[in-house]
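Any read-out appearing in this document is the output of simple, stated calculations on the displayed coordinates, not a laboratory observation. Not measured: the values here are computed from a predicted model. Cβ coordinates were reconstructed from backbone atoms using ideal geometry, including for glycine residues, and neighbour counts include every protein chain displayed.
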Amino acid sequence: MTTQFPSLSPAQKKELSDIAQRIVAPGKGILAADESTGTMSNRLQKINVENTEENRRTFRDLLFSAVDPNCIGGIIFFHETLYQKSDKGVLFPQVIKDKGIVVGIKVDKGTAGLNGTDGEMTTQGLDGLSERCAQYKKDGCDFAKWRCVLKISDACPSALAIAENANVLARYASICQQNGLVPIVEPEILPDGDHDLLRTQYVTEKVLAATYKALNDHHVYLEGTLLKPNMVTAGHSCPKKFTPQEVGMATVTALRRTVPAAVPGITFLSGGQSEEEATQNLNAMNQTALHRPWKLSFSYGRALQPLPSPPGKARPPTRRRHRMPSPPEPRAMVWPPRESTQRSAVLTRPPCSPCTQLTTSTN
C-alpha cells in the first residue's frame, strides 16, 4: 500500500519554487563559475598567469563585477569562492546578492569508478551532505549543483550506471530541498565518441526517464528543482555534422518525452562547445515549433568565459570593468554578435554576450 508522508511544508515548497523561478526568469540563465582550483590553473595557464589564490580572487572579482543582472539569474560558486572578498572587502555572495542574482554552490565531491562496468562512474559526496547544505544556506546560498557523468559507447551507458546515477541525483536533490536549497540536477552525457545524433537522443531519453523516476521515488518537489542536461549533439568524432536546427529538434523531442511539465526550467551545459555553437543550438531550441512547457536557458561556464591569450608579456589579471549591453526584446538571434576589442589580460569581452541574444519564451 502506498502511503504519503509529506516531506516539505507549504512554506518550504513556496520558497523553493520562488527561487527556481527567479533563476530562470525570462531572458536569464546561470553562470557556472564553480571551477575547482585545478580547473582554474588550466584557465590561467592559457594566459600565462600564475595560479595563486590572489589571482583566482582577482579574476573572480573581475568576472562578478562585469555580470549584468538583466541576463544572469544565478551564479554557481566553488567552495573557495564563497568565502573570498571583492577588492572592496565585500564577500562575493553579498556582491552577487546586491545585484539581485541568486547564489549557488557546487556540492558534489567528484566522480569515482563504478565496479563491474566499462570505465563508468558514479558521483561521491552524499556523506555529510545535509550538514554542508545547512551551512551553505546560512552562508548565503539558495541553490546547489551536483554533476553525474555518463558516457556513450557500444556497451555504455549500462543499466547499472543509469540506475546508480539516477538514484544519487535523487538522494542529493531530496537532501538539498530539506535544507532550503533548490537542487540543479545534472546528468551529463559526455560528447566523446563517434556516435550520431539519434544515438545521443536515445541515450538521453533513457537517462532522463530513469532520473525522473528516481526523483519521484524520493519524493522530490519538482517545482523546486532545475534540470541541467547536455544538449543532444553527435559525438565529437562523428563524421557527420548536424545543423543547430537538427540539434534543437532532437533535444526538445527528448525533453518532451521525459521531463515533466512541473519542472520550471532547463538550463543546458555547453559541453565543450564554443560560445558560438552553444548559443546557436540554444537559440534553435527556443525557435522550434514544438510546445515547450519549461523555460529553456543556459548554465554555461567556458562558453561565457573565453580567455584568449594576451599579446606581449603576460601579466596578472588587471581590473577593468566592462559594461554589458542590456538584453533586447525576445526575437530571433542575429549571429555573430558584435566583435569586441581586447581590454584586459583576462577578460576580453563581456562574459555574458551569448545571453543577450537569448530567447527563452515558451511556445
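Between the stretch 90-109 and the stretch 27-56, what's the alpha-carbon centroid distance in Å?
Value for the Cα centre distance between the two parts: 16 Å.
Farthest toward the dipole's positive end in the stretch 1-152, which of P26, V49, S9, given Cβ charges of +1 (Lys, Arg) and -1 (Asp, Glu) about the Cα centre?
About the Cα centre, the residue reaching furthest to the positive side is P26.
For the stretch 146-274, what's the relative contact order in percent, using C-alpha pairs closer than 8 Å and at least 6 residues apart?
Reported as a whole number, the value is 29 percent.
Given the Cα-Cα distance of K240 and S41 and 0.36 nm per residue of separation, how much length would full extension add, in nm?
Values: separation 199, 0.36 × 199 = 71.64 nm, distance 3.40 nm.
Working it through step by step, the gained length comes to 68.2 nm.
Please work out, to two decimal places, the log10 of the ratio I(q)/I(0) at q = 0.14 Å⁻¹ from a Debye calculation in which every Cα of the stretch 90-203 carries one identical scatterer.
Evaluating at q = 0.14 Å⁻¹ gives log10 I(q)/I(0) of -0.65.
Considering Cα pairs under 8 angstrom that are at least six residues apart, work out the relative contact order of the stretch 169-243 and quote it in whole percent.
Answer for the stretch 169-243 is 49 percent.
What is the list of residues in the stretch 46-84 whose amide nitrogen lies under 11 Å from a point 7 angstrom out from the Cα of D98, following Cα to Cβ?
From the stretch 46-84, the list is 65.
Can you tell me which of 35-41, 137-143 comes out highest on packing, and rank the rest after it, using the mean Cβ neighbours within 10 Å?
137-143, 35-41
By how many nm would the segment from T253 to N216 lengthen if fully extended, with 0.36 nm per residue of separation less the alpha-carbon distance?
Additional length available on full extension: 11.2 nm.
In nm, to one decimal, how far is the modelled label at E50 from the one at T111, with both set 7 Å along Cα→Cβ?
With each label placed 7 Å out from Cα toward Cβ, I get 3.4 nm.
Among 191-201, 247-257, 269-279, 174-184, how do they line up by average Cβ neighbours within 10 Å per residue, starting with the highest?
Result, highest mean first: 174-184, 247-257, 269-279, 191-201.
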